[in-house]
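Here is the structure we will look at.
What follows is calculated from the coordinates using simple rules that are stated; it is not laboratory data. Keep in mind that what you see is a predicted model, and the values were worked out from it rather than measured. Note that we place each Cβ from the backbone using ideal geometry, even for glycine, and neighbour counts take in every protein chain shown.
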Amino acid sequence: MAEIKERIRKNGKKSYTASVRIKGHPAVNKTFAKKTDAETWANAIEIEIKENMNFPNRAAQKMTVGNLIDRFLKYELPKKKPKIQKDFIKALNWYKNEIGCLYLLNVQTAKLVECRDKLSQKLKEVPMKNGAIKITDEKISPATVNRYMTYMRVVFSYAVNDLDILDLNPMSKVKKLSENNERTRCLELEEIPKLLEACKKHSQELFICVLIALLADARKSEILNLTWENVDLTHKMFYFLNRKNKQNIGVPIHDYLCRELSTYKQQCKLRNLKNDYLFMTEDGKPKETLIGKAFPKVVQSCGIENFHFHDLRHTGASWQAMSGISQPITQRILGHKSPLMTNRYSHLRDEGLRPAVNQVGDILLSKWLENNKRYE
């Protein structure tokens, strides 16, 4: 039942608080300056509550996909890791533009399949320095399409499990695209000195960045988020925390890289007590342009074709296989998940990996070290 209470404010004016109490539903209150507004609101809320209690699907009938996305962005997205929030927002805004006006109960599998197929024809967008977006002639990859679908599936799961306004996730029947993103490109030994020399000419930080990817088989995100706190130069260890598969792992630092890191640390003018990233912008954030912009230009300048930054990791892994390093050792260095790997939170120095790191590192750097004669 609805109840209206009249109150006198400190300024002498009257206010009216409407309270709606219905058995089986929490009380709802709201204050108004006019009694008629309080009565109108109370009557409307009472009808809405009774309808939702008697007809649970009414909430889904009244909520649009756009409403659901807005609610997810407000309450659930802040719980996600900062590094994926941007991707979530981009994907969900795309879906909001496409199907945001549909009521949840009207979202059919066929419509979501149509969205998937439209996404597969979407062209890549590249942000420019002036803030504008450049549309390329290249379509987004099947993996990107599948990520968009995954983000929207998470939102629908929120409606099913948390809000309890859907019985089934409408995205559950939509098949993902087959991905063919495997690359077999790895550097030949003759190409490594060319790349390292070009990186060193560009900057010491790019040179160190590439060495870490090559000799520690580290991913882009792992390198950009690496802090000096997790670089143990005394024991020659990298500690990569919260990797892609949520593992924490220690990887030995190759001797040559350790010496270069020591020199680089001494020369670093830009340090931040709060973050202290190895590669950092002036405002204390990871220097993404180092890999996103500088590296591709350097690769192009030294004449190495069809080579991406992630291929450095593949190069290290490939040469480990060619050098006879056992698969379990390579698996640990790469940080790949397996039933045998249960130490998700291991921070111990794994000295058993050091021979493999040094052995393959010596092979990868052989031409470079021979040319520079800096390694004793």
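Points worth noting:
- Inter-probe distance in nm under a simple model that places probes 7 Å from Cα toward Cβ, at N275 and I4: 5.6
- Other residues whose C-beta falls under 11 angstrom from the C-beta of N146 contribute a net charge of +4, scoring Lys and Arg +1 and Asp and Glu -1.
- Karplus-derived 3J(HN,Hα), 6.51/-1.76/1.60, for each residue of the stretch 170-176, Hz, glycine and proline x: x, 7, 5, 8, 8, 6, 6
- In the stretch 1-32, the trypsin sites (Lys or Arg not before Pro) that fall in loop regions by DSSP, at most 13 other Cβ within 10 Å: R9, K10, K13, K23
- 3J(HN,Hα) from dihedral phi, the stretch 23-39, Karplus parametrisation 6.51/-1.76/1.60, rounded to Hz, x for glycine, proline: 4, x, 9, x, 5, 10, 10, 7, 10, 10, 7, 10, 5, 5, 5, 5, 5
- With each label modelled as a point 7 angstrom along the Cα→C-beta vector, the K111-T150 pair spans 2.5 nm.
- Residue-span extension gain [D70 to E197] - 0.36 nm each, minus C-alpha spacing: 40.8 nm
- Measuring r between the beta carbons of V160 and T40 and using R0 = 41 Å, the FRET efficiency lands at 0.75.
- Residues with amide H under 5 Å from that of K122, placed H, sequence gap 5 or more: I140
- Global geometry of the stretch 62-162, whether rounded, prolate or oblate, following the gyration tensor of its Cα atoms and the 1.5 cut on a/c: oblate
- Cα-projected label distance for K30 with K50, points at 7 Å along beta-carbon direction, nm: 1.8
- E229/K124 FRET efficiency (R0 30 Å; Cβ-Cβ; nearest 0.05): 0.25
- Separation between Cα centres of the stretch 193-215 and the stretch 149-173, rounded to whole Å: 45
- For the cross-link pairs K86/K293; K10/K79; K134/K367; K79/K200, the ones whose C-alpha atoms lie over 31 Å apart are K10/K79; K134/K367; K79/K200.
- Neighbour cut-off at most 11 other Cβ (10 Å), DSSP loop, trypsin sites (Lys or Arg not before Pro), the stretch 69-152: K129
- Put in order of Cβ neighbour count within 10 Å, fewest first, the listed residues T36, T281 become T36, T281.
- Once the Cβ-Cβ distance of E188 and L102 is raised to the sixth power relative to R0 = 56 Å, the FRET efficiency obtained is 0.60.
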